[in-house]
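Peer 1: Here it is, the structure, as structure tokens.
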Amino acid sequence: MTLLLLCFVIFMLMGMPIAFVIGIAGFAYFLSQPQLPFEIAVQMTVQQSQSFAFLAVPFFIFAGNLMNVSGITSRLLSLARLLTRRMYGGTAQISVVMSTLMGGVSGSATADAMMETRILGPEMQRIGYKKGYIVAVNCTTALITATIPPSLGFIIFGFVGEVSIGRLFAGGIIPGILMMFFLMATTSITSRYHKYDPPRPEAPKLSLTELFKNLKESIWALLFPVLLIVGIRFGVFTPSESGAFAVIYAIVIGKFVYKELSWEKFKNALVTSFKDNGAIMLIIALSGSFQWALTWVQLPVALSKLIFGITSNPQLLVIIMLVFLFITGMFVDSNVNFLLLTPIFLPMVKSLGVDPVHFGVLMATVVTLGVMTPPIGAALYSVCGIIDCKVEDYTKAALPFFAAIMLELCLLVFFPGLVTWIPNMIFGKF
Amino acid sequence: MYLLLLPCLRISCIPFGVSMRKIYLWFCRVEEIVCGLGFGFLIFFIFLSAILRLFKLSMSWYIDLAMLCLAWTAFLGADVAWRHGQIIGVDIVTRKLPAKIRWIVELIVLLIIAATLVVMAIFGTRLAWTERVSRYQSMPIPLALVTLSLVVASVSMFFSTIQKIRKLILQMAGKGESK
């Protein structure tokens, strides 16, 4: 176990890409054990790419990229603008509402955070928002996108933990909407405190005619998550197939309804998608030997003994795990966290009677939050890079948003019905 | 140190001479086209299998073919991402190091990665060789094709890594000269 963890830490500190860190650490363990043929390590790597559930990963990545170039995103943005134009911190509120609306068509927090910062960042800077605040709002609100179905985190958790992805998708609806309210309240309070973007008295009140006119335009995007859940529920498609459906849907809407999808845009979205997919799949594939080695050295057993030694109260145990995931999320890639820690934590919470869908939604939220927390976070660095913001400024401005998310998570821990009510209603009780 | 590395640099540049460079660029282009086509087929097969199932028609070979496409698209896509600098490490510690030491650490990391890729390609080939007789249940294609995707991608990533090493050494040598 020492060799495995030592390799992991040393390679990571040396700045090696995380996919190679876990891959090489796993391979090093295999090489150190003469009784383990090295071919198994290679076989594990190949096998990881042969999961039907993982098919949803490239599909939803591609669908998200297509939605951005097919005119769906711009229509959702205009709806978000309409809904928030008389609010305090109106432009920041657009980001919160936009993330919620995008949640129904995209599953990646990093992609959403980047897209919104590119669109809203310059406008927010012009109005007088500070860079740290701009990044904080656009980055943290992207967590809503990753919570509302479809969600890449749910797919990976569902695959690793063998939990129904359809149920997880349905379980993310209320927490996602709740997160929107928590973050809208935080945006309102913080923008009042900083005196950012007060409501303009000349902005006209939202009229029903205006709203319906806008809804008519964006209905195709808003309809998508509904079609997704209904399609999975009635067995029209499996969660993996729903990803292929999402791609076809985006192409049809972009080409024939909004008429904005050109061959050039399609090609660019395709190239971006297979690169994004390759980067994620490399981590997933190379984690195969590492996961196997972790089980071989019985780390899950040791860790569960340690945690059960602290408490056996289910809620307290879940909170301890979430804190642990929050800390590991600050340093380790979110996909790695899912792949390595789901097989350890899920059996523990199941043995205490915690609903796996409930835990899945909580875990996916905290692990995905890891891409936004300093010192290491994919979304954080990508978004800070876009408007050239210092990580320290971001961290300071993001603290109230992190606090709001934590508060929401506590609420979800003690009221599991908020997560499980919709999946139980749609798919029936476990 | 840099002077010692320069001869190695020349050796590593052999595959990237003028004509070799053209071949390499052509290979990169082919790789991207294969990835794009694989992605397209993947979506087509899975969407079609869902539609056919609605009409109670089961085509299990669609799924098998899609999984094969997934492996090739994923591994070759990983190389494209690696080549375009999309797969990066966390430099929270290394960025605080002096430039010379940082370059040496980067070089060591790239050399470890290159060595691992060679090992993966060798053992992958051995595994594919042992699997050469096994066929998919639904179609007369050897299962070894899946393993071969990892072998091809490992070789391809090895060359991308050599390119990165070459760039790094040139950067190191350039700095050394200017100093």
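Peer 1: Counting other Cβ atoms within 10 Å of each Cβ, which GluC sites (Glu not before Pro) in segment A:148-240 have at most 14 and sit in a DSSP loop? All intermediate terms of the calculation are to be shown ahead of the outcome.
Peer 2: On the way: sites: A:E162, A:E202, A:E210, A:E217; in loops: A:E162, A:E202.
Qualifying residues, ordered by number: A:E162, A:E202.
Peer 1: Taking only the C-alpha atoms, wrap a convex hull around chain B and report its volume per residue in Å³ as a whole number.
Peer 2: Numbers: hull volume 24.9 nm³, N = 179.
Given the Cα convex hull of chain B, per-residue volume reads 139 Å³.
Peer 1: For the protein assembly as shown, rounded, prolate or oblate, judged on the Cα gyration tensor with a ≥ b ≥ c (square roots of eigenvalues), a/c < 1.5 rounded, else prolate if a/b > b/c?
Peer 2: Values: a/c = 1.40, a/b = 1.30, b/c = 1.08.
Judged from the Cα gyration tensor, the protein assembly as shown comes out rounded (a/c under 1.5).
Peer 1: Starting from the Cα of A:K396, draw a straight line to each of the aspartates and glutamates and keep only those under 13 Å, dropping any in the same chain fewer than 8 residues away.
Peer 2: Cross-link targets: none qualify.
Peer 1: Right, something else. Would you mind pulling out the separation of the Cα centroids of segment A:55-91 and segment B:138-155, in Å?
Peer 2: That distance is 38 Å.
Peer 1: If you don't mind, another one. Which order do B:C69, A:C384 fall in if you start with the one that has the fewest other Cβ atoms within 10 Å?
Peer 2: Details: B:C69 25, A:C384 21.
Fewest to most other Cβ atoms nearby, the residues stand as A:C384, B:C69.
Peer 1: Further question on the same structure: In whole Å, what are the Cα extents of segment A:76-175 along the three principal axes, biggest one first?
Peer 2: For segment A:76-175, the Cα spread along each principal axis is 47, 24, 17 Å.
Peer 1: Follow-up question, since we're still on this one. Measure up A:K131/B:K96; A:K265/B:K96; A:K267/B:K167; A:K195/A:K275; A:K429/B:K56 against 32 Å on the Cα-Cα distance and list the ones that go over.
Peer 2: Among A:K131/B:K96; A:K265/B:K96; A:K267/B:K167; A:K195/A:K275; A:K429/B:K56, the Cα-Cα distance tops 32 Å for A:K265/B:K96; A:K195/A:K275.
Peer 1: Same structure, new question: So, in Å, what gap is there between the alpha-carbon centers of segment A:213-287 and segment B:65-126?
Peer 2: 29 Å
Peer 1: Would you compute, from DSSP H runs of 4+ residues alone, the mean residue ellipticity of chain A at 222 nm, taking -39500 (n - 2.57) per run and dividing by the full residue count, rounded to the nearest 500? Walk me through the intermediate numbers first.
Peer 2: Numbers: 22 runs with 334 residues, N = 430.
Here the helix-only value at 222 nm equals -25500 deg cm²/dmol.
Peer 1: Another question, if that's okay. May I ask you to list the chymotrypsin sites (Phe, Trp or Tyr not before Pro) in segment A:201-243 that are in a DSSP loop and have at most 12 other Cβ atoms within 10 Å of their Cβ?
Peer 2: Filter output for segment A:201-243: A:F234.
Peer 1: Taking the Cα centre of each part, how many Å lie between segment A:136-199 and segment A:382-430?
Peer 2: A separation of 5 Å, based on Cα centres.
Peer 1: Next question, about the same structure. What does the C-alpha gyration tensor say about the overall shape of segment A:191-264? Classify as rounded when a/c is under 1.5, otherwise prolate if a/b is larger than b/c, or oblate. Numbers along the way, then the final one.
Peer 2: Numbers: a/c = 2.33, a/b = 1.96, b/c = 1.19.
Prolate is the answer for segment A:191-264, as a/c is 1.5 or above and a/b outweighs b/c.
Peer 1: While we're here: Compare the Cα positions of A:M184, A:Y249, A:L228 along the charge dipole of segment A:151-262 (+1 at Cβ of Lys, Arg; -1 at Cβ of Asp, Glu; about the Cα centre) and return the one farthest towards the positive end.
Peer 2: The residue sitting farthest along the positive end of the dipole is A:M184.
Every number here is computed from the coordinates shown, using simple stated rules; none is lab data. Because the structure is a prediction, the values reported are computed rather than measured. Methodologically, a virtual Cβ is constructed for each residue, glycine included, from the backbone with ideal geometry; neighbour enumeration extends over all protein chains shown.
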